[in-house]
1. Using a simple spin-label model with points 7 Å from Cα along the Cα→Cβ vector, what separation in nm is obtained for residue 362 and residue 34?
2. Restricting to DSSP H runs of at least four residues, report the calculated mean residue ellipticity at 222 nm for the chain, -39500 (n - 2.57) per run over all residues, nearest 500 deg cm²/dmol.
3. If I stretch the segment between residue 351 and residue 121 completely, what's the gain in nm (0.36 nm per residue apart, minus their alpha carbon distance), one decimal?
4. Can you give me the distance in nm between label points at residue 75 and residue 333, each placed 7 Å from the Cα along the Cα-to-Cβ direction?
5. I want the local charge near residue 171. Using Cβ-Cβ distances under 15 Å, sum +1 for each Lys or Arg and -1 for each Asp or Glu among the other residues.
6. Can you give the Rg to Rh ratio of region 235-350, both from alpha-carbon atoms, with Rh computed by the Kirkwood formula?
7. DSSP loop chymotrypsin sites (Phe, Trp or Tyr not before Pro) in region 1-71 with at most 11 other Cβ atoms within 10 Å of their Cβ, which ones?
8. Per 0.36 nm of contour for each residue apart, how much would the distance between residue 27 and residue 254 grow if the chain were fully extended, relative to their Cα-Cα spacing?
Amino acid sequence: MNPVWITATNAVTGLGGNLETSWERLLLGETAIERMERFSTENYKSHVAACVKGLQFSGEQSLPHDLFDRLFAPLEHLPRNTVLITASTKGGVNNPRKPRGYITTDFREMLPAGMPDFVADQLGILRGGINISAACASSAIAIAHGAAMIANDAADTVLVCGFDLVTEFIFSGFNALQALSPEPCRPFDKDRMGMSVGEGAAYLVLMTPAQARQAHKTPLAVLMGWGAANDASHITAPAQDGCGLTLAIRKALTMAHLAPEAVGGISAHGTGTISNDRMELASFRDVFGQKIPPLHSVKGAIGHTMGGAGAIEAALAIKSLETGTIPPTVGVVTPEAGAEGCVSAEPSPMTANTILSTNSGFGGINAALLLGPGRTA
């Protein structure tokens, strides 16, 4: 199997228009969760979300056009046979548009299955692709799928792009599930009250080492292992023993030929809901015993970015590897039982040079990615 090199990445979040700005503000413990202005929240439990600042309509185009323009601005030329994998929970359904009557739009933007062609046209990539919609693990699953293609000689270069926008469709759905927190979410805090929605996008370029060298690219990180599993427990709630996530993590460790103690930090899903955070801690205790590595959730800073979460969090995990730092969990005041000593409101040093990134979603889906530093590739 080919090693999987990550040779380029970027992210646009509520904290900033690129990965560097988002990372710097995250380390400072800042949050982008604030009062929602895009639509009225008068009839909802929560009035806050983390939106990307200054997204603009262009003519009759919807907001994803501006989001993608920002995201792909630093992306260098890709081979024309690059495989594209997009990831989104809902694609362009209910994307915000100018409120001035009927507006025509590219039908490919509306349906999740049309997103690869829509993005490929913008980037000038000839080869088609697929969209993965696996709830809030969508882009983590997309990264795993792309990595499998690289590892098994099915592709030389794969571009993975995960995204979602805050819309009233999404906001009202989580409100109906009584999942929204009335204040900015507080992942892994004993007094947490639910999640905050967020938006953003990220891409990762995956290459075989041979293709990377031919393109004069060096790896930012190496995707060492990945796993996915379904706990088959409930349509929305995860199995409280974390069995699905545990299986996904163990699959990733086995693929990477690593023992649990080789993991130096965890980027957890950490939505701030009672069920999710408790489930993740149960899974981490199952895998790591009483020595859980330092872990964090980014969602107290940028909200739950849904289909974009896995890609954004993988991009931030690369920054953790580069700096040897686990960011703070913004919003945590008193860690809940089981999170003491591994979750902090301050940055923490990694204990080894491998990071685990986890994501979970409705329907019991779980995904785990193990990333190692590029400098040793």
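Bear in mind that the values in this text are calculations on the coordinates, not laboratory data. These figures come from a predicted structure and were not determined experimentally. We place every Cβ from the backbone using ideal geometry, glycine too, and count neighbours over all the protein chains shown.
1. Between residue 362 and residue 34, the label points sit 3.0 nm apart.
2. Mean residue ellipticity at 222 nm (helix-derived): -8500 deg cm²/dmol.
3. Full-extension gain reported as 78.5 nm.
4. About 4.2 nm separates the two model spin labels.
5. Residues close to residue 171 contribute a combined charge of -2.
6. 0.93
7. Loop-located and lightly packed - none at all.
8. Extra length available between residue 27 and residue 254 comes to 78.6 nm.
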